[in-house]
Amino acid sequence: MTTPATGAPLRGVVVGVSSVLVTAAAHDLGGASAPSQSAVVALLAVCLGVAWIASSTRLGTGRLVAALVAAQALGHLTLVAVDGHVHGPLLDPRMAVAHVTAVAVGTAAVRGAETGSMRAARAMRRIVPVVLAAVTVDTDAVRPPLPVARLDAPSRPIDHSGRGTRGPPTRFR
């Protein structure tokens, strides 16, 4: 299922927010300490970059999973670089499982949000015309009143006839 262009901003928001929250939680649940404030800011910048890319392209499920994997990997590397958490050449198994679970949960959340919003939009397209057709509008109450008198305005915005009162007052001449 490819996301229509109208769902792209929603996809970007869900990818960004879920990547930030789930990357920090997966890192914490995987055995590392909770990220510091500077690590969270760096993680936010990295995940928002991935979210911006995800919102500017049409993503199928494969590309969505790749974007979430990239957000998890870059987020993990950001947390390792900023907080200095060293865990050897390989990921701790708990942390790897947490990051893989985060990708699966993020994919389900994004697809669920896209599907739900498209279904809601379709339902509103069916419901709103029926509701508006049932509403009666008194056109006499809505119609604005006619003007009582019309002021004559010059046809030109600037009066060049010489009859104007431009200039200083007579006592200053």
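Among the residues that make up region 76-95, is at least one of them open to solvent by 10 Å² or more (accessible area, probe 1.4 Å), closer than 30 Å to residue 117 by Cα and modelled with pLDDT of 80 or more?
no
Go through (1) closer than 14 Å to residue 107 by Cα; (2) open to solvent by 50 Å² or more (accessible area, probe 1.4 Å) one by one and return the number of the condition residue 23 breaks.
Only one criterion is unmet by residue 23, namely (2).
Yes/no matrix, rows are residues, columns are (1) at pLDDT 65 or above; (2) open to solvent by 100 Å² or more (accessible area, probe 1.4 Å); (3) not aliphatic (A, V, I, L, M):
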{"residue": "110", "(1), (2), (3)": "yes, no, no"}
{"residue": "119", "(1), (2), (3)": "yes, yes, yes"}
{"residue": "157", "(1), (2), (3)": "no, yes, yes"}
{"residue": "167", "(1), (2), (3)": "yes, no, yes"}
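Only one of these is under 45 Å from the mean Cα position of the chain (by Cα) and at pLDDT 80 or above: 139, 115. Name it.
None of the other options fit; the residue is 115.
List the residue pairs whose Cβ atoms are under 9 Å apart, where the first residue sits in region 109-122 and is of a type outside the set (D, E, K, R), the second is open to solvent by 50 Å² or more (accessible area, probe 1.4 Å), and the two are 6 or more positions apart or on different chains.
If the second residue must be open to solvent by 50 Å² or more (accessible area, probe 1.4 Å), the pairs left are 110/10; 113/10; 113/13; 115/1; 117/6; 117/10; 118/6; 121/6.
What are the residues in region 41-54 that are surrounded by fewer than 22 Cβ atoms within 10 Å (Cβ to Cβ) and farther than 15 Å from residue 73 by Cα, if any?
Those that are surrounded by fewer than 22 Cβ atoms within 10 Å (Cβ to Cβ) and farther than 15 Å from residue 73 by Cα: 41, 52, 53.
The values are calculated or read from the model by the stated rules, or taken from the named source; none is laboratory data. Quantities reported herein were computed from a predicted structural model and do not represent experimental measurements. Note: ideal-geometry Cβ built from the backbone for every residue, glycine included; neighbour counts use all protein chains shown. Note: areas computed on protein heavy atoms with side chains; ligands, DNA, RNA excluded. Shrake-Rupley method; radii C 1.70, N 1.55, O 1.52, S 1.80 Å.
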